[in-house]
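The values are calculated or read from the model by the stated rules, or taken from the named source; none is laboratory data. Since the model is a prediction, treat every value here as computed from it, not as a measurement. FYI the Cβ positions are ideal-geometry reconstructions off the backbone, even for glycines, and counts take in every protein chain you see.
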Amino acid sequence: MSQKKVSIKDIAQQAGVSTALVSYVLNGKEKESRVGQEIALKIRQIARELNYQPSYLAKSLRSGKTQTIGLIIADISNPFFANIARIVEDEAKKIGYTVIIGSSDETADKSRDLIDVFLNRQVDGFIIVSAEASDEQIYYLKDKNVSFVLLDRHFPEIPTDFVSLNNYKAALDAGLHLLENGYKHIGLIAYKSGLFHMKERIRGYRKALEQHNVTFRPEWLIEVGFDTIEQEVKAGINAMLASDAPIDALIFATYRLAISGLKYINELGLKVPDDLAIVSFGQAEAFDLYYCPITYLQQPMDDLGKMAVSVLANKLKHPQEPQKQVLMEAQLIARDSSRRKVPKS
């Protein structure tokens, strides 16, 4: 026979106090009710001994809140997003929220399905890493007055709360670093995407060339599809190397692109950085294990995740407050893969 679930009434009877007093103490409101420290400690001790588990369903029915957040990330297999999810989950737990996580796999249809599922589960709000062509979903949430924060990616034409990287500045820093180290023919491999963060990375790269009076060549910029990364990265590197002005350095706009590109560079027998200098967005253990440590743009994952939770929590408490839009800076970690170019004799 299953054991009877312990209630507030059971604790009150054993403590010799009212159920209202027990409720105040277990909800952290003893100061409001002017409960003495001794009785508060006694109530908590009895609750622990009886293994009391609060009814979140009853609490949500009373408050209209479920204390849950729906987190939609772009790709759970990507270490960047997996780490962001962990940070968001840990930070939300500190303020009493449970996080339900879903991965859109970079598709708008799956993102919309997740939004519907989470709304049916009555999440209090969303943290969303947007997929390509998902802007109508943002309008939908705004029309329904659902609280949400966009993380890592946002739509500049849609006024929303967001927490993101200053992608333009990060790509500018990557390009300037290579140029200042003597590289002049610098390529960029990015995603074929209409998302703002990717366009900003391309814009920053091109600005770096412009600032050093290096004429941009179209064959130096390769944009690949999410579903055809390996084939298009290989073809792109081949085209860059076969150009009339072959590249001597390469920037990867994401970690996943970098891993695919480095594999092919090894297949070609090219040496980093002697034949080709490398800088990548994102940090991962794989960059430490590569024979030539890879220079990368370190994204402030902890700060991004914590700030997203903070902004959403504040929005849930104060929905009428002005939107908060936060841009954070990446730090370029210079390593051997982009060391100063040595002129070939």
Next on the checklist: Cβ-Cβ under 9 Å, sequence separation 6+ or interchain: first residue in region 233-260 and under 13 Å from Ala277 (Cβ atoms), partner among the charged types (D, E, K, R) and outside any helix (DSSP H, G or I). Which pairs?
Outcome noted: Asp248/Lys184; Asp248/Asp275; Asp248/Lys341; Ala249/Lys184; Ala249/Lys341
Item to check | Residues that are surrounded by fewer than 24 Cβ atoms within 10 Å (Cβ to Cβ) and assigned to a loop (DSSP other than H, G, I, E, B), drawn from region 251-275 | outcome: Thr254, Leu268, Gly269, Leu270, Lys271, Val272, Asp274, Asp275
Checklist entry - With Gln298, Gln320, Gln331 as the choices, which residue is of a type in the set (S, T, N, Q), farther than 17 Å from Leu176 by Cα and either out of contact with any His (no Cβ under 9 Å at 6 or more places or on another chain) or in contact (Cβ under 8 Å) with a residue 40 or more places away in the chain (or both)? => result Gln320
Item to check | Sole residue being surrounded by fewer than 18 Cβ atoms within 10 Å (Cβ to Cβ) and more than 16 Å from Gly70 (Cα to Cα), chosen from Glu200, Glu157 | outcome: Glu157
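On the given criteria, is Ser280 outside any helix (DSSP H, G or I), free of Cβ contacts under 8 Å to residues at least 60 places away in the same chain and within 21 Å of Met198 (Cα to Cα)?
Values: outside any helix (DSSP H, G or I): yes; free of Cβ contacts under 8 Å to residues at least 60 places away in the same chain: yes; within 21 Å of Met198 (Cα to Cα): yes.
Yes: the conditions hold for Ser280.
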Checklist entry - Are any residues in region 86-104 of a type in the set (A, V, I, L, M, F, W, C) and touching a residue at least 40 places away in the same chain (Cβ under 8 Å), and if so, which ones? => result Ile87, Val88, Ala92, Ile95
Checklist entry - Does region 200-214 contain any residue that is within 21 Å of the chain's Cα centre (by Cα) and within 30 Å of Glu321 (Cα to Cα)? => result yes
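Does Glu106 satisfy the condition of being surrounded by 15 or more Cβ atoms within 10 Å (Cβ to Cβ), acidic (Asp, Glu) and on the phi < 0 side of the Ramachandran plot?
On the way: surrounded by 15 or more Cβ atoms within 10 Å (Cβ to Cβ): yes; acidic (Asp, Glu): yes; on the phi < 0 side of the Ramachandran plot: no.
Against the criterion (surrounded by 15 or more Cβ atoms within 10 Å (Cβ to Cβ), acidic (Asp, Glu) and on the phi < 0 side of the Ramachandran plot), Glu106 does not qualify.
Can you report the number of residues in region 83-103 which are of a type in the set (Gly, Ala, Ser), at pLDDT 95 or above and out of contact with any Asp or Glu (no Cβ under 8 Å at 6 or more places or on another chain)? I'd like the intermediate steps shown before the answer.
First, pick out the residues of region 83-103 that are of a type in the set (Gly, Ala, Ser): 85, 92, 96, 102-103.
Add one more test, that the residue is at pLDDT 95 or above, and what stays is 85, 92, 102-103.
Right, trim to out of contact with any Asp or Glu (no Cβ under 8 Å at 6 or more places or on another chain) and you get 85, 92, 102.
Total satisfying the criteria: 3.
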Item to check | Hits in region 180-232 (condition: without any contact (Cβ under 8 Å) to a residue 24 or more places away in the chain and of a type in the set (Val, Ile, Thr)) | outcome: Thr215, Thr228
Checklist entry - In region 80-103, which residues are part of a helix (DSSP H, G or I) and either aromatic (Phe, Trp, Tyr) or surrounded by fewer than 16 Cβ atoms within 10 Å (Cβ to Cβ) (or both)? => result Phe80, Phe81, Ala82, Arg86, Asp90, Lys93, Lys94
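Residues are listed down the side, and each one gets a yes or a no for (1) in contact with a Pro (Cβ under 6 Å, 6 or more places away or on another chain); (2) under 30 Å from Ala208 (Cβ atoms); (3) of a type in the set (A, V, I, L, M, F, W, C):
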{"position": "Val99", "(1), (2), (3)": "no, no, yes"}
{"position": "Ser103", "(1), (2), (3)": "no, no, no"}
{"position": "Arg153", "(1), (2), (3)": "no, yes, no"}
{"position": "Phe162", "(1), (2), (3)": "no, yes, yes"}
{"position": "Asn167", "(1), (2), (3)": "no, yes, no"}
{"position": "Gly175", "(1), (2), (3)": "no, yes, no"}
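Determine whether Ser243 is hydroxyl-bearing (Ser, Thr, Tyr) and under 22 Å from Phe287 (Cβ atoms). First the steps, then the outcome.
On the way: hydroxyl-bearing (Ser, Thr, Tyr): yes; under 22 Å from Phe287 (Cβ atoms): no.
So Ser243 fails the test.
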Checklist entry - Considering only region 8-38, how many residues are polar (S, T, N, Q) and modelled with pLDDT of 85 or more? => result 4
Next on the checklist: Can you find, within region 283-342, the residue that is modelled with the lowest pLDDT among those that are outside any loop (DSSP other than H, G, I, E, B), buried (at least 18 other Cβ atoms within 10 Å of the Cβ) and in contact with a Pro (Cβ under 8 Å, 6 or more places away or on another chain)?
Outcome noted: Phe287
Next on the checklist: Considering only residues that are among the hydrophobic types (A, V, I, L, M, F, W, C) and out of contact with any helix residue (DSSP H, G or I) (no Cβ under 9 Å at 6 or more places or on another chain), which ones fall in region 231-290?
Outcome noted: Ala235, Leu241, Leu289
